[in-house]
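K.L.:
Can you read through this structure? Questions will come right after.
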Amino acid sequence: MIAIIGGSGLDRLSALQKVREHRVGSRYGTPSGAIIEGLLAGAPVLFLPRHGEGHSIPPHRINYRANIAALRDHGVEEIFAVTAVGGIAKTAGPGRIVIPDQIIDYTAGREHTFYDGIDGNLDHVEFGEPYTPATRQRLIAAANAVPLEVVTEGVYGATQGPRLETAAEIARLARDGCTLVGMTGMPEAALAREAGLRYANCALVVNWAAGIGGDPISLAEIEQQLASGMRKVVRLLSAAVQL
Ligand code: HPA
């Protein structure tokens, strides 16, 4: 089974023909919202809004473990994670869709592992390629099929939020090699790996990161980019679930 985790701008997936809703718990607590089971372009998928149905959960308070555990418990094997991001690299301007291939994690204080030793389990997962190559390729192939232009690699810098970054912080991320910045990419990707799920990120750039575009970041512009960009993302996902 495939799951889509929706981010900012995709709290509801209106293209999904709903079959039923699952209000479930997990041993790690309650997921962000009901898991919606339905058909996207005829293909069975599960949908979970990362920030909750009414977009009420900030990035640092999302129960990433409950979300991933609940999806796994529902038979999910592969996740397309949608995120809204700021663009750092010249190639990652507002409106672009990027399928990143790497992550740098700057988050702190989040419950970030299933292997915290509490239940006697301890493991160290391999994470050199944080996104599953075949799942990334599926998103890229779907973009080619639509067709939609996508940037086929990128380094996702995961920041703590909920505030946006300072210009100096973004300059540091750029020096580190980040091409994108967002607040929800981690620990979600690592938990998916720990849970044995295939996982890739479909990142929509909604603003230039702080200090990159010259002007202060406009929240109104972000809203506008989310509205137009997520329509493209849904077309991409609709193609990806058919492949
Ligand atoms: N920084 C962090 N997260 C974001 C941004 C940003 O500029 N835009 C959208 N999510």
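The values are calculated or read from the model by the stated rules, or taken from the named source; none is laboratory data. What you see is a predicted model; the values in this text were computed from it and never measured. Positions of Cβ are generated from backbone atoms using ideal geometry, with glycine treated the same way; all protein chains shown enter the neighbour counts. Keep in mind that these areas ignore ligands, DNA and RNA; they rest on the heavy atoms of the full protein, side chains included. Shrake-Rupley method; radii C 1.70, N 1.55, O 1.52, S 1.80 Å.
K.L.:
Report, ordered by the first and then the second residue, all pairs with beta carbons closer than 8 Å, sequence separation of six or more or different chains, a first member in the range 1-19 that is closer than 15 Å to residue 185 by Cβ, and a second member that is part of a loop (DSSP other than H, G, I, E, B) and open to solvent by less than 40 Å² (accessible area, probe 1.4 Å).
P.N.:
Within 8 Å, the pairs are 5/50; 6/13; 6/50; 7/50; 7/51; 7/184; 8/51.
K.L.:
Right, residue 191: under 14 Å from the mean Cα position of the chain (by Cα), near the ligand (Cβ under 9 Å from one of its atoms) and open to solvent by less than 30 Å² (accessible area, probe 1.4 Å) or not? Spell out how you get there, then give the answer.
P.N.:
On the way: under 14 Å from the mean Cα position of the chain (by Cα): yes; near the ligand (Cβ under 9 Å from one of its atoms): no; open to solvent by less than 30 Å² (accessible area, probe 1.4 Å): yes.
No, not satisfied.
K.L.:
Moving on to the next point. Please report, ordered by residue number, the strands (runs of 3 or more DSSP E) entirely within the range 1-50 with at least 1 residues that are crowded, with 22+ Cβ neighbours inside 10 Å.
P.N.:
Numbers: elements: 2-6, 17-22, 35-40, 43-49.
It comes to 2-6, 35-40, 43-49.
K.L.:
When the residues of the range 115-126 are filtered to those that are closer than 13 Å to residue 195 by Cβ and at pLDDT 85 or above, which remaining residue is most open to solvent (accessible area, probe 1.4 Å)? Please lay out each step first, then the result.
P.N.:
So in the range 115-126, the residues closer than 13 Å to residue 195 by Cβ come out as 115, 121, 123, 125.
After this cut, where a residue has to be at pLDDT 85 or above as well, the list is 115, 123, 125.
Numbers: 115: 59, 123: 81, 125: 56 Å².
For the range 115-126, the residue satisfying everything is 123.
K.L.:
Within the range 134-156, is there a residue that is closer than 27 Å to residue 108 by Cα, open to solvent by less than 10 Å² (accessible area, probe 1.4 Å), within 13 Å of the ligand (Cβ to nearest atom) and under 19 Å from the mean Cα position of the chain (by Cα)?
P.N.:
Yes, some residue in the range 134-156 is closer than 27 Å to residue 108 by Cα, open to solvent by less than 10 Å² (accessible area, probe 1.4 Å), within 13 Å of the ligand (Cβ to nearest atom) and under 19 Å from the mean Cα position of the chain (by Cα).
K.L.:
Among all residue pairs at least 6 apart or on different chains, which show Cβ distances below 6 Å where the first residue, located in the range 160-189, is at pLDDT 95 or above and the second is open to solvent by 10 Å² or more (accessible area, probe 1.4 Å) and acidic (Asp, Glu)?
P.N.:
From residues that are at pLDDT 95 or above, the pairs are 186/105.
K.L.:
Here's another thing I want to ask about it. For the range 192-219, give me each residue that is of a type in the set (S, T, N, Q) and either touching a residue at least 12 places away in the same chain (Cβ under 8 Å) or outside any loop (DSSP other than H, G, I, E, B) (or both). Before the answer, list the steps.
P.N.:
So in the range 192-219, the residues of a type in the set (S, T, N, Q) come out as 201, 207, 218.
Across the range 192-219, the qualifying residues are 201, 207.
K.L.:
Just give me the residues in the range 84-112 being out of contact with any Leu (no Cβ under 7 Å at 6 or more places or on another chain) and among the β-branched types (Val, Ile, Thr), in sequence order.
P.N.:
Answer for the range 84-112, where residues must be out of contact with any Leu (no Cβ under 7 Å at 6 or more places or on another chain) and among the β-branched types (Val, Ile, Thr): 91, 103, 104, 107.
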